[in-house]
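Everything below concerns the one structure shown next.
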Amino acid sequence: MKRGARFYSVAAVMAAAIGVGPSWIAGTMASAPDPSHVGAPPADLPVESITIPSASGSRLSAWFIAGAPRGGAVLLMHGVNASRLQMLERARLFHREGFAVLLFDFQAEGESPGEAITFGHLEAKDARAAFDELRRRAPGERVAVLGESLGGAAAVLSDPPLEADAMVLEAVFASFDTAVENRIAMHLGPPGPWLAPVLTPLLTWQLRPRLGFGTDALRPAVRVADLHVPLLIIGGDADQHATLGETRLIYANANEPKELWVIPGAHHQDFHRLLGGTYERRVLDFLKARLRG
């Protein structure tokens, strides 16, 4: 081995060794359960509090709101480090429009028990359990799924695929590797784009020893090709967590019929809260055409 090549090999090993401890701590923090108190159901909605057993091993805390006959049904799935409260304003919107609604806490988040956040792996099992529960509680209705960030990833990663009649995916990452690299780049400032490709493997390798699966299990941009459902894919062109390039890749790999909505200036944020009526009109038009057409 040439002297220069040997130097860089040793330097890489040393850098990795130095980074293992801090990266393991970072991985522990990122995957740690994030319980939170959701509280009583909102008084302005006819909510039924329910618990849904999931193949993830959790019992999911959920709210169900009955809808009008033949009005359709919507399953709402929140993002990471959140709870069903993140979906509450959407629940109010869809209830006003006559949809049945189910919103729940993913395992290890909100009021649902769990040992670790798994970035879509176990959450996909929760998506399946909640979807089946909504089908049972709204028999004969066409069912849509709306997922934000982690919620959208869980919808895509469900195996077998969810038999939805429509799906809205908001700010979904293309792959776990890319999601980690994006976040490292954001938090390290100017050196971030150069350091992120080197540091990312220090976090992503932890999936298998820590959670029992590899990064190949977390690739929504690949798995979206398994879906045969009308899709509305939404992303912000200023999102650094799930970039516009990732949103376009998911759209490119998706089957028809599909729609892409890029929101100018939007970051990784609540698009409903950002756009208000504009968001409501676009999403309602999409869902009504598929659930009531």
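Against the numbered list (1) touching a residue at least 24 places away in the same chain (Cβ under 8 Å); (2) in contact with a Ser or Thr (Cβ under 9 Å, 6 or more places away or on another chain), I184 comes up short only at (1).
Scanning segment 237-272 for residues that are touching an Asp or Glu at 6+ places or on another chain (Cβ under 7 Å) and either among the hydroxyl-bearing types (S, T, Y) or in a helix (DSSP H, G or I) (or both) returns L244, F271, H272. Within segment 77-100, the set of residues being more than 18 Å from the chain's Cα centre (by Cα) and of a type outside the set (D, E, K, R) comprises L93, F94, H95, G98, F99, A100. Are any of the residues in segment 104-122 β-branched (V, I, T) and under 26 Å from H267 (Cβ atoms)? So far as segment 104-122 goes, yes, one or more of its residues are β-branched (V, I, T) and under 26 Å from H267 (Cβ atoms). In segment 12-33, the residues that are farther than 30 Å from E111 by Cβ form Cβ pairs under 7 Å with partners that are modelled with pLDDT of 60 or more, at six or more places apart or across chains, as follows: A16/L202; G19/L199; G19/L202; V20/L202; S23/L202; S23/L203.
Go over the candidates E115, E123, E133, E141 one by one and state the one that is acidic (D, E), out of contact with any Asp or Glu (no Cβ under 8 Å at 6 or more places or on another chain) and buried (at least 24 other Cβ atoms within 10 Å of the Cβ).
Details: E115 fails: buried (at least 24 other Cβ atoms within 10 Å of the Cβ); E133 fails: buried (at least 24 other Cβ atoms within 10 Å of the Cβ); E141 fails: buried (at least 24 other Cβ atoms within 10 Å of the Cβ).
That would be E123, the only listed residue that is acidic (D, E), out of contact with any Asp or Glu (no Cβ under 8 Å at 6 or more places or on another chain) and buried (at least 24 other Cβ atoms within 10 Å of the Cβ).
Would a scan of segment 273-290 turn up a residue that is outside any helix (DSSP H, G or I) and within 24 Å of F176 (Cβ to Cβ)? Looking for residues that are outside any helix (DSSP H, G or I) and within 24 Å of F176 (Cβ to Cβ), one finds none in segment 273-290, hence no. Pairs are defined by a Cβ separation below 9 Å, a sequence spacing of at least 6 or placement on different chains, a first member in segment 266-286 that is assigned by TED's automatic domain parsing to the domain that holds L85 and without any contact (Cβ under 8 Å) to a residue 40 or more places away in the chain, and a second member that is among the basic types (K, R) and outside any loop (DSSP other than H, G, I, E, B); the pairs so defined are L275/R282; Y279/R273. Going through (1) in a loop (DSSP other than H, G, I, E, B); (2) touching a residue at least 12 places away in the same chain (Cβ under 8 Å); (3) not charged (D, E, K, R) one by one, H95 falls short only on (1). None of P220, P190 is surrounded by fewer than 18 Cβ atoms within 10 Å (Cβ to Cβ) and either within 11 Å of the chain's Cα centre (by Cα) or not hydrophobic (A, V, I, L, M, F, W, C) (or both) except P190. Just one residue in the set G147, G152 is within 11 Å of the chain's Cα centre (by Cα) and part of a helix (DSSP H, G or I); that residue is G152.
The values are calculated or read from the model by the stated rules, or taken from the named source; none is laboratory data. Since this is a predicted model, take the numbers as computed values, not measurements. Every residue, glycine as well, gets a Cβ built from its backbone with ideal geometry; the counts of neighbours run over all protein chains shown.
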